[in-house]
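Participant: To start, I am sharing the structure in question, which I have written as structure tokens.
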Amino acid sequence: MTEKRIAAIIVAAGTGSRSGLEYPKQYVPLGGRAVIAYSYESLASHAEIDTVIVAIGEDQEDMARAALAPVTGAPQLITGGATRRASVKAALDWLQQSGGADYVLIHDAARPFLPHDVIDTLIDALDTHQGAIPTLPVTDTLVRGEQGIVADMVKRDGLFQVQTPQAFHFETIYTAHTQVSSDAIITDDAGLMRALDISVALVQGDSMLEKLTYPADFARAEAMLSEARIPRVGTGYDVHRLVEGKALWLCGVEIAHSHGLSGHSDADVAIHALVDALLGALADGDIGTHFPPGDPQWKGTASSRFLEFARDRVAARGGEIANIDLSIICEEPKIGPHKEAMRIRLAALLCIPVDRISIKATTTERLGFTGRKEGIAAQAVATLLMQSL
Ligand code: MG
């Protein structure tokens, strides 16, 4: 059997008016990253899915690119339509023009937490069915109400709540979108299949796939994410040479001294070690990867800029800086009198409380290059709290 070409579409063109938020709910930050980034990452990281297309609203391109930047380089964005159905159709048209697919999964951006198990089950079901949808049995009692009172009880036997992604043979769902009148009152893709009397399999959904609609849904998701954070630790080390006639910068603070540090930037050795610790915790290269030392644009740059960059990389990945521990190794100058100013400066640059920042100093008993006052070394450890989902 040849390998199937599988595409996924995320429908993210809504304006989210029911969420009570100022901007579309797929872009609302949740645990430090946008709602849409979670399901995008789940689909894009699934071994069997080749392409992920995101159908966005008009004028949402900048928001979408910013939201997806932490998880992808260049997402395939297409402009959706005025309705969910029109947005899906636009994505299917794009897919058709790009060579089609065997299977396609269609997912709502407002369901951020998409387990790979559900994707596996849906894909398996397409071996024997033209379509498959994840569902959960209805467990609450259901009633029909009229004018504020119970009119009658509804039997819940055989009733299911429908989730997404919904999975289909591409040709079949494309035909359904093309043939079924757009006047038909159909709220999802499985409905279009049923309108053509094509059978759609029910597979096991997941309570994690709950749709975020109201403010309380977002609050619940945020609480769940904060419990699911894991620590990540990074370390950094740097050395710069002491020379005459240069200003001495350490931790973003200028220190009066007979010598300063030489380097391409302002040579703030402590900040450089700290930047490497933050990037290390993210597994995101090092300071030289992002700011090549030969690059003339960084000549004489205040190293605070590098630190702000690293801080933003942490935030973009949904991380929070739990603590920083920094050691400055030198014979001179004395660091003690400057420690508090350094902590306050780093706290301001990193936007974290001062009590998360430790600055220590040591000499090397006049041994080695630091002992001979030829240079200053710094080492840093950073702990991040990151989403494990
Ligand atoms: Mg350096």
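Participant: Only Cα pairs under 8 Å and at least 6 apart count here; give the relative contact order of the range 230-387 as a rounded whole percent.
Facilitator: Once divided by the residue count of the range 230-387, the mean separation gives 34 percent.
Participant: Modelled label-to-label distance, Ala69 and Ser258, 7 Å Cα→beta-carbon offset: nm?
Facilitator: Reported label-point gap for Ala69 and Ser258 is 4.6 nm.
Participant: From Cα coordinates alone, what are the radius of gyration and Dmax values for the range 110-257 in angstrom?
Facilitator: When restricted to the Cα atoms of the range 110-257, Rg and Dmax are 27.0, 89 Å.
Participant: A follow-up question, please. Rounded to the nearest whole Å², what accessible area per residue is found for the range 6-227 with the 1.4 Å probe?
Facilitator: Here the per-residue accessible area is 48 Å².
Participant: Test of understanding: express the Cα radius of gyration of the range 230-387 as a ratio to 2.2 N^0.38 Å, with N the residue count.
Facilitator: 0.98
Participant: Hey, another quick one. Where in the range 38-80 does the amide nitrogen come within less than 14 Å of the point 7 Å from the Cα of Ser98, taken along Cα to Cβ?
Facilitator: 44, 49-56, 73-80
Participant: Pairs of Cα atoms under 8 Å, at least six residues apart: use those to get the relative contact order of the chain, whole percent.
Facilitator: Working: 798 pairs, mean separation 59.9, N = 389.
Relative contact order comes out at 15 percent.
Participant: Follow-up. Rank Val233, Val52 by accessible area, highest first, at a 1.4 Å probe radius?
Facilitator: Largest to smallest exposure gives the sequence Val233, Val52.
Participant: Could you state how much accessible area Asp197 has, in square angstrom rounded to the nearest 10, with a 1.4 Å probe and all protein chains kept in place?
Facilitator: The accessible area of Asp197 comes to roughly 120 Å².
Participant: Related question: For the full complex of protein chains and a 1.4 angstrom probe, list Ser182, Ser39 by accessible area with the highest value first.
Facilitator: Numbers: Ser182 95, Ser39 0 Å².
The most accessible residue leads, giving Ser182, Ser39.
Participant: Where the accessible area of the range 230-387 is counted over protein heavy atoms with a 1.4 Å probe, how much of it, in %, is carbon and sulfur?
Facilitator: 53 percent
Participant: Rg and Dmax of the range 65-171 over Cα atoms: what are they, in angstrom?
Facilitator: 18.1, 54
Participant: Something else now. In whole Å, what three semi-axes, largest first, describe the equivalent ellipsoid of the range 346-389 built from its Cα gyration tensor (square root of 5 times each eigenvalue)?
Facilitator: Gyration-tensor ellipsoid for the range 346-389: 31, 13, 9 Å.
Participant: Can you give the extra length, in nm with one decimal, that the chain gains between Thr128 and Glu374 once fully stretched, where that is 0.36 nm per residue apart less the Cα-Cα distance?
Facilitator: Details: separation 246, 0.36 × 246 = 88.56 nm, distance 7.29 nm.
Using 0.36 nm per residue and subtracting the Cα-Cα distance, I get 81.3 nm.
Participant: If you rank Asp189, Asp295 by how much accessible surface each has, with a 1.4 Å probe, what is the order from largest down?
Facilitator: From most accessible down to least: Asp295, Asp189.
Participant: Roll a 1.4 angstrom probe over the protein heavy atoms and tell me the percent of accessible area of the range 6-227 that is carbon or sulfur.
Facilitator: Carbon plus sulfur share of accessible area: 49 percent.
Participant: Here is a further query. So for the chain, if I pair up every lysine 8 or more residues apart or on another chain, how many of those pairs have alpha-carbons under 17 Å apart?
Facilitator: Here the count comes out as 6.
Participant: Separate question: Rg and Dmax of the range 1-146 over Cα atoms: what are they, in angstrom?
Facilitator: Cα radius of gyration and Dmax of the range 1-146 are 16.1, 55 Å respectively.
Participant: OK, next. Using the heavy atoms of the protein chains alone and a 1.4 angstrom probe, what is the accessible area of the range 230-387 per residue in square angstrom? Could you put the intermediate results ahead of the total?
Facilitator: Details: 7210 Å² over 158 residues.
Using a 1.4 Å probe on heavy atoms only, each residue of the range 230-387 averages 46 Å².
Participant: From Cα pairs below 8 angstrom and at least 6 apart in sequence, can you work out the relative contact order of the range 18-108, rounded to a whole percent? Walk me through the numbers on the way to the answer.
Facilitator: Working: 81 pairs, mean separation 19.6, N = 91.
In percent, rounded to a whole number, it is 22.
Participant: Right, next: Working from the alpha-carbon coordinates of the chain, get Rg over Rh, Rh being the Kirkwood radius.
Facilitator: 1.13
Participant: So for the pair Ala347, Leu142, with labels modelled 7 Å out along Cα→Cβ, what separation do we get in nm?
Facilitator: Reported label-point gap for Ala347 and Leu142 is 5.6 nm.
Participant: What is the spin-label model distance, in nm, from Asp217 to Lys155 if the labels are put 7 Å beyond Cα along the C-beta direction?
Facilitator: So the label points at Asp217 and Lys155 sit 3.0 nm apart.
Participant: Taking the chain as the reference, fit the longest principal axis to its C-alpha atoms, fit the long axis of helix 304-316 to the helix C-alpha atoms, and give the angle between the two in degrees, 0 to 90, nearest 10.
Facilitator: With rounding to tens, the tilt is 20 degrees.
The values are calculated or read from the model by the stated rules, or taken from the named source; none is laboratory data. Please read these numbers as outputs of a predicted model, since none were measured by experiment. Here Cβ is always computed from backbone atoms with ideal geometry, including for glycine, and neighbour counts include all displayed protein chains. What goes into the accessible areas is simple: the full protein's heavy atoms, side chains included, and nothing from ligands, DNA or RNA. Shrake-Rupley method; radii C 1.70, N 1.55, O 1.52, S 1.80 Å.
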